[in-house]
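The structure under discussion appears below in the form of structure tokens.
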């Protein structure tokens, strides 16, 4: 090789010739910034350009990297799984509007156990029956089928019962998922939590923001016995529709698809359960204690009223 | 810190007159993707700084053994392995950070700045200057991201680091509206072009 290679140390430009150029054509650095390129023909006498060397080198690199990655991955597996589990508990708590808890694992146990001594992580099926009263937490997202639907029951500090439905779907770039907590009427939303793997920051990623999630509180999941909850550009029915995020159309339709598909599976459970749970609201004039009613604010029976949901209870 | 003139150059040149984004025109794709908010821009800038300096050191250490013909593949393997390792470790010890970063892992591996610096600098230089070059380029990149993200978040969402600045100033009450274009990628193009324009107008030596 007659011509030497000169490399610009500033920008990496390679010049071929007998001497370094006066000025680097790329970055205008002077001749002093050039040095002769080390071209593979080494002091060690090893020909790094030979085929055999290249093949062996790549094989060794691949083996080292493979062992390194496999080793690290298996060494850290248990810690990572524990983190993932803890994160799932945090997400479930977030759907109940419990955030920034110091010890989420303990709080989760407290809430999900309620007054019972068991974690209420149920598995229900699409016919609305509870298949198993445990193991719901361990169901991975890709194993959720019509016969295998996880559902969590939580009791909050004020004694109210909430049902939490997990769900997954697809956004614009990747997976989206969330939890919806319902009041004990199995219809009104108490709180939601959404997250995503890789939606666009500032647009689709806003589904993970409090601002978007707080819009869901108080909305209904079902209308006339059908799943009706959705996010929409124009609100036609404020009971079941939530204001969408402008500029994030595909992520929002992903949320809609997720809501429609997953809630449909739980519909039977929700309908069935709502009937059992909710005592019919009794109008004041049909109140069994109507004869004792002494006028506004003077209800004689008040808290002991047998009609648990008398709409004038304590008021009339 | 006693740095030789050459090492100082490796560290400071990428900040302005050899900036990876505005002068070398590397890493544009990720600069578009993560700059709609300040927070991801900062996270991305820091991660690239760390990864590019680490990769630079590793490649620099083995630079004399790498066969010339497969050097790009070797560089890619090193970068990909490094990023994967870092994300695994974060997942085990700092889960919240890893959740934040998960979006950017792919963007870091394919970031042209990494390959560009490995090929242009680490292959020819000793580990210490290579490390400084990585830090310099990472910070130069982060700086541009933060500048772009500042304007995009302020005018696009009316917030800074998710703090509602515009709302607190009461501008919405006067009929001010956020500029939706700022959240779209073309806005990043326009802003980066403005920075390039300004920089070249100031520094005549950069003009072609």
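Just so it is clear, none of the values below were taken in a lab; they were calculated from the coordinates. It should be emphasised that the depicted structure is a prediction, and the values quoted were computed from it without experimental measurement. No Cβ is skipped: glycine too gets one built from the backbone with ideal geometry, and neighbour counts run over all protein chains shown.
Before moving on, here are some points about what is shown:
- When the test is whether a residue is surrounded by 17 or more Cβ atoms within 10 Å (Cβ to Cβ), under 18 Å from residue B:68 (Cβ atoms) and within 11 Å of chain B (Cβ to nearest Cβ), residue A:61 passes it.
- Entirely in segment B:95-155, the helices (runs of 4 or more DSSP H) that have 2 or more residues that are without any contact (Cβ under 8 Å) to a residue 24 or more places away in the chain and farther than 28 Å from residue B:63 by Cβ: B:95-101
- For residue A:92: the one exception among (1) more than 14 Å from every other protein chain (Cβ to nearest Cβ); (2) surrounded by 13 or more Cβ atoms within 10 Å (Cβ to Cβ); (3) without any contact (Cβ under 8 Å) to a residue 60 or more places away in the chain: (3)
- Segment B:182-207, subset within 10 Å of chain A (Cβ to nearest Cβ) and farther than 14 Å from residue B:18 by Cα, residue surrounded by the most Cβ atoms within 10 Å (Cβ to Cβ): B:183
- Checked against the criterion of being in contact (Cβ under 8 Å) with a residue 24 or more places away in the chain, closer than 30 Å to residue A:177 by Cβ and exposed (fewer than 12 other Cβ atoms within 10 Å of the Cβ), segment A:109-124 has at least one qualifying residue.
- Residues of segment B:101-114 that are surrounded by fewer than 20 Cβ atoms within 10 Å (Cβ to Cβ) and out of contact with any helix residue (DSSP H, G or I) (no Cβ under 6 Å at 6 or more places or on another chain): B:102, B:106, B:110, B:112.
- Scope segment B:59-71; condition in contact (Cβ under 8 Å) with a residue 40 or more places away in the chain and either out of contact with any helix residue (DSSP H, G or I) (no Cβ under 7 Å at 6 or more places or on another chain) or crowded, with 19+ Cβ neighbours inside 10 Å (or both); matching residues: B:59, B:60, B:63, B:66, B:71
- Condition check for residue A:63: out of contact with any helix residue (DSSP H, G or I) (no Cβ under 9 Å at 6 or more places or on another chain) and farther than 24 Å from residue B:81 by Cα: no
- Residue within segment B:29-50 that is assigned to a loop (DSSP other than H, G, I, E, B) and more than 8 Å from every other protein chain (Cβ to nearest Cβ) present: yes
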